[in-house]
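Written out below as structure tokens is the structure these notes cover.
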Amino acid sequence: MEAPAEAETGTIISEAATRVADWIAASGDNHALPYAIVDKQNATLLLFDAKGKPLDQVPVLIGIAAGDEATAGVGSKKLAEIGPAEKTTPAGRFLAKFGIPFRKERILWVDYATSVAMHTIPADAAKKDRRRERMLSATPDDNRITFGCINVPKAFYGKFLRPQFSRKGGYVYVLPDTKPLEEVFPRLRVHALTQGASAS
């Protein structure tokens, strides 16, 4: 088992994120679209262009509750109606696209059915929840604060994420909290078996 890689920012890229990144690059699972890997356990996001070139790594804020499934019907609820245990960022592979305007601007929907989007820190939550401080803290322990959406730094959103995803969208791979990695990404098992066979 290889040790986790270390990014230029000094943060650790987990073994799980490395495995998923290697699988996507080797298999072309992103279908020539840009993609992001969200590592919930480390509260980080890795962004790649359509050819698999790493563009940036940033801290993120995610759903308050640990968990890999969205509660049925949560996407149709008002924010005030969503209970603490329902505020999860679901794991999986999602085709994310910009869509219906939200607060006067189009938003990058990761999973429209469950109302999970990727966006900057909302102005009304910045001070109230100390979201900027949480995002910039040295550990991922306080990065669980959203209703399920993925908050990213404003500069990163404008410079990298929006330009990459604005034309045709892209894939977002959200790593699990508790489920086995292969259960969330079944093709990862096939890739591992193929790699093992070719190495023998």
Which sequence of Ser166, Ser14 reflects their accessible areas, 1.4 Å probe, from the largest down?
-> Ser166, Ser14
Viscosity 0.692 mPa s, 37 °C: Kirkwood-radius Stokes-Einstein D of segment 87-163 over Cα pairs, µm²/s | 248
Would you compute, for the Cα atoms of segment 115-200, the largest minus smallest coordinate along each principal axis and list the three values in descending order, in whole Å?
-> 55, 33, 26
Which entries of Lys87/Lys179; Lys128/Lys154; Lys40/Lys104; Lys51/Lys179; Lys51/Lys87 show an alpha-carbon separation above 23 angstrom in the structure shown?
-> Lys40/Lys104; Lys51/Lys179; Lys51/Lys87
Once Leu108, Leu95 are ranked on solvent-accessible area with the largest value leading and a 1.4 Å probe, the list reads Leu95, Leu108
Under the rule rounded for a/c under 1.5, else prolate if a/b exceeds b/c, else oblate, using alpha carbon gyration tensor axes a ≥ b ≥ c, segment 21-65 is classed as prolate
Here FRET efficiency (C-beta to C-beta, Thr178 to Ala113, R₀ 22 Å, nearest 0.05) is 0.55
Reported to the nearest 10 Å², Ile13 has, with a 1.4 Å probe, an accessible area equal to 30
Order by accessible surface, 1.4 Å probe, largest leading, for residues Glu15, Glu183 comes to Glu183, Glu15
Heads up, I need the accessible area for Lys179: 1.4 angstrom probe, whole protein in place, Å², nearest 10.
-> 60
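The values are calculated or read from the model by the stated rules, or taken from the named source; none is laboratory data. Just so you know, these numbers come straight off a predicted model, no measurement behind them. Glycine gets a Cβ as well: all are built from the backbone with ideal geometry, and neighbour counts include every protein chain shown. Heads up: the accessible areas ignore ligands, DNA and RNA and are worked out on the full protein's heavy atoms, side chains in. Shrake-Rupley method; radii C 1.70, N 1.55, O 1.52, S 1.80 Å.
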